[in-house]
């Protein structure tokens, strides 16, 4: 079991401004806008706090120019998960990608990244106001349903085990 340190601060994603640097830290300066993931070998040193300490060697990078700090804060863990998933599958132009949980952090980013690669996106969502966000994020090739059965049937009406299907 992972060690717990109290007071326990949860959360991993962060974005903000560098306020101080540890000895020997290169590549960052006080005042830099940064984002990333607070990765610690224990629970309790999370990012949902006014200040967070991170290892400058991994899990933190500068916020690209033009990206709002609030948007950058969502890229750490969720963005990495979405990007790694799509890189693993490597959908080609016109291929179908199913994103389960498209209104969550990783799912919402995966929908946008897959659509940007030219994939046809099928997204599972719960009815509600988040549905509008998903439809606004993708202009073409988006099919949505609140049930996995409906989505699966739409994607592969004859057989889910199509010869070209990849999981």
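The values are calculated or read from the model by the stated rules, or taken from the named source; none is laboratory data. For clarity, every value in this text was computed on a predicted model and none was experimentally measured. Virtual Cβ from ideal backbone geometry, glycine too; neighbours counted across all protein chains shown.
Of all residues in the stretch 34-62, exactly one satisfies the criterion of being touching a residue at least 24 places away in the same chain (Cβ under 8 Å) and farther than 19 Å from residue 11 by Cα, namely 62. Just one of (1) surrounded by 20 or more Cβ atoms within 10 Å (Cβ to Cβ); (2) within 10 Å of the chain's Cα centre (by Cα) fails for residue 105. It is (1). All conditions in (1) surrounded by 15 or more Cβ atoms within 10 Å (Cβ to Cβ); (2) out of contact with any helix residue (DSSP H, G or I) (no Cβ under 6 Å at 6 or more places or on another chain); (3) at pLDDT 70 or above hold for residue 142, with the sole exception of (3).
For the stretch 28-47, the candidate set comprises residues that are in a strand (DSSP E or B) and within 17 Å of the chain's Cα centre (by Cα); within that set, the residue that is surrounded by the most Cβ atoms within 10 Å (Cβ to Cβ) is 36. Residues in the stretch 84-97 that are surrounded by fewer than 20 Cβ atoms within 10 Å (Cβ to Cβ) and touching a residue at least 24 places away in the same chain (Cβ under 8 Å): 85, 86, 89, 91, 92, 93, 94, 95, 96. For the stretch 48-83, the set of residues classified as surrounded by 14 or more Cβ atoms within 10 Å (Cβ to Cβ) and part of a loop (DSSP other than H, G, I, E, B) consists of 49, 52, 54, 56, 59, 63, 67, 73, 74, listed by residue number.
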